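Taking it in order: structure first as structure tokens, then the write-up.
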Amino acid sequence: MNPIANNTMRIKKMNQELVRQALKTMKQGTKSMVAQATGLSVATCGSILNELLDTGELLELDMEESNGGRPARLYQFNVNFSYIACIIIKAGVKMHSLTFTVANLAGEAVEEGYQETGQMDAEMIYQLIDRLISRYPHIRAVGIGVPGVVNEGVITAGDIPELVHVPLEAVIREKHEVEVILENDMNSTVYGFYQKQEYEYEKSVAVATFIEGVFPGAGLMVDGHIHRGNTRFAGEIAFLPFGITREEQLRQLHDRKTFHPLAARAVASLIAVMNPEKIALTGSLVQPADVELIRQECQRYIPEMHMPQLTLLEHPDEDYMYGLITMTLESLAYSLKLVEKRR
């Protein structure tokens, strides 16, 4: 394709995405309302609206109530035009689990499910996706959250050895011809937590988790974007130089006498490096009263003026799934600096 034709096609796709996003935000609107919201001409909006009507992406409603002039046709984004499937994979001491949500384009769940297994492998994930796409043929994207380090669609290190170095993204994308994202669990959680705050301006926040039986970790949002680091190692707070062995670190985290000082050193390190607006603490080792104790311990190292708000994240799985759904929906949006990408 020659450069001029290619550029024209890109502009057309961008304009279509502007119209989609405008109607998603407005819930319903007329051609003139869409033009005003997007900055596009009424004629351009009219053409795009007709095209999206033909594909089924938009619904045509009744005429709006007239104020004396000619009534205008109302349009609505069809949130059930297609679906996404999001799967959270969790590692346990005795049992692993898969939690899934099939959602429409508004992020509303149309089906949810949960299953446990003593042995987790890629075939279980493939079979679940096969079943979901069989029931919902209009699934256009799949998001998978995993307890591990993800690089270019592959888990390079994680809590489930059977999934490490398996090209999950590529296999699913090739078989089903859908968009696929594979994301670290803490990144998805902090992204969901951040989106729920509805900040007016870009902020920096973190979620630090302390779970029984495993090493701690953190998800980082820096100036409104997930911070992964050069080798996707950012947030691995278990590797901070505490001056003790990893075995001793795990022991101290499970001892109530030593938990607060050790957790506070990890949190203080995040504060010193990120200077965040807020840090949410979560995990089975964190009790509600611990938040204030960790805050007091942090103040031994961090001046009060630089202390962020510390809060307890009581339902991290909700933020995890919300973040994964949001990311997966974003993967469907055509973007050329139009929709800010997580990466």
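The values are calculated or read from the model by the stated rules, or taken from the named source; none is laboratory data. These numbers were taken from a predicted model, which means no experiment stands behind them. Every residue, glycine among them, receives a Cβ derived from its backbone with ideal geometry; neighbour counts consider all protein chains shown. Only protein heavy atoms, including side chains, enter the accessible area calculation; ligands, DNA and RNA are left aside. Shrake-Rupley method; radii C 1.70, N 1.55, O 1.52, S 1.80 Å.
Below, the figures for the structure above:
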read-out: Longest to shortest principal axis, alpha-carbon extents of the stretch 205-310, angstrom; value: 35, 32, 24
read-out: Ratio Rg/Rh [Cα only; Rh per Kirkwood] for the stretch 274-321; value: 1.00
read-out: Kirkwood-type radius of the stretch 1-148, with distances r between different C-alpha atoms, in Å; value: 18.2 Å
read-out: Candidate aspartates and glutamates for bridging to LYS12, where Cα separation is under 20 Å - those fewer than 8 sequence places away on the same chain excluded; value: GLU51, ASP54, GLU57, GLU330, GLU340
read-out: Average projection area in nm² (convex hull over Cα atoms of the stretch 137-269, one quarter of hull surface); value: 10.2 nm²
read-out: Projected label distance in nm at PHE239 and ILE211, using a 7 Å step from Cα toward the beta-carbon; value: 1.9 nm
read-out: Accessible area in the full protein assembly, largest first, 1.4 Å probe, for TYR201, TYR322, TYR114; value: TYR201, TYR114, TYR322
read-out: Heavy-atom accessible area ranking, 1.4 Å probe, most first, across LEU58, LEU40; value: LEU40, LEU58
read-out: Debye, to nearest 20: dipole size of the stretch 132-196, +1 on Lys, Arg Cβ, -1 on Asp, Glu Cβ; value: 300 debye
read-out: Surface per residue (accessible, 1.4 Å probe) for the stretch 232-274, Å²; value: 52 Å²
read-out: Per residue accessible area in Å² of the stretch 49-133, where ligands, DNA and RNA are left out and the probe is 1.4 Å; value: 52 Å²
read-out: Structure-based [θ]222 nm, the chain - -39500 (n - 2.57) summed over DSSP H runs of at least 4, per residue, nearest 500; value: -12500 deg cm²/dmol
read-out: Sulfur and carbon atoms: percent of accessible area, the chain [1.4 Å]; value: 50 percent
read-out: Rg in Å to one decimal, and Dmax rounded to a whole Å, for the stretch 78-156 via C-alpha atoms; value: 13.2, 43
read-out: Share of Cα-Cα pairs in the chain lying beyond 28 Å, as whole percent; value: 50 percent
read-out: Efficiency of FRET from Cβ geometry, MET307 and ASN151, R₀ 30 Å, rounded to 0.05; value: 0.35
read-out: In nm, spacing of pseudo-spin labels at GLU247 and LEU293 (7 Å Cα→C-beta vector); value: 2.6 nm
read-out: Heavy-atom SASA rank of VAL19, VAL154 (probe 1.4 Å, accessible area, largest first); value: VAL154, VAL19
